[in-house]
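All of the numbers you see were taken from the coordinates with simple rules; none came from a lab. None of these values were measured; they are calculated from a predicted model. Cβ coordinates were reconstructed from backbone atoms using ideal geometry, including for glycine residues, and neighbour counts include every protein chain displayed.
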Amino acid sequence: MQRVLYWTGGHPYLTQRLCLAVAEDATVTDTGGVDRLCEELFLSHRAQERDDNLLFVRERLLRSEADLAGLLDLYGQVRKGKRVQDQETSSLVGVLRLSGVVRVVDGDLRVRNRIYERVFDREWVKSNMPDAELQRQRAAYRKGAMRTAAIAAVVVAAITILAFYAIVQRNRAIENEETNRQLLYAAQMNLAQQAWEKANTTRVIELLRRFRFWCSVL
């Protein structure tokens, strides 16, 4: 029973429901068993979305006509243990009290129990601030922009590498073409030289033959 009250702080509904769960579960024999049931009933994400009391507290906090940013900021101060006096003239204090999330101890506000303290924690306060959605959108936009920039950088790098490779290949092709042209020119000149030499040799032989003929005649 002490462990049950450790979590519920004496809250009628929370205490009754947790006690009933403990009574119906024969495996609960120590504080660890109570903690397990408390996790299943109130602290898990699924439980927070289904428990009527937690939904009631959430709706009273987030759907009130009071300044939401000021209300959550005030609750955040209470949760941090800062001294926040119970002021009857304060509309924000009135909303906190009517939601049941706080109680008054020696004139100051305190989170009513550890279940509420765990469910409505710092992250919950931060995520439900009025500009939280805008911040999430900005964060998503920045993340998307960074991802797009990274992809673009990779694409540009790939295009640059391909372009450089294409230029190198083109230069090599030009060099090879020039080399082939020079080789072809040299081969043509060699063939021409050979043809010229062959023609001259034939002419010389013919002249010698004629010379020998006239020598024999004379």
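The table for this structure:
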quantity: Pairs where the first residue, in region 49-75, is without any contact (Cβ under 8 Å) to a residue 40 or more places away in the chain and surrounded by 13 or more Cβ atoms within 10 Å (Cβ to Cβ) and the second is outside any helix (DSSP H, G or I) and of a type in the set (A, V, I, L, M), C-beta under 7 Å, 6+ apart; calculated: L74/V84
quantity: Scope region 53-81; condition under 14 Å from E117 (Cβ atoms) and part of a loop (DSSP other than H, G, I, E, B); matching residues; calculated: K80, G81
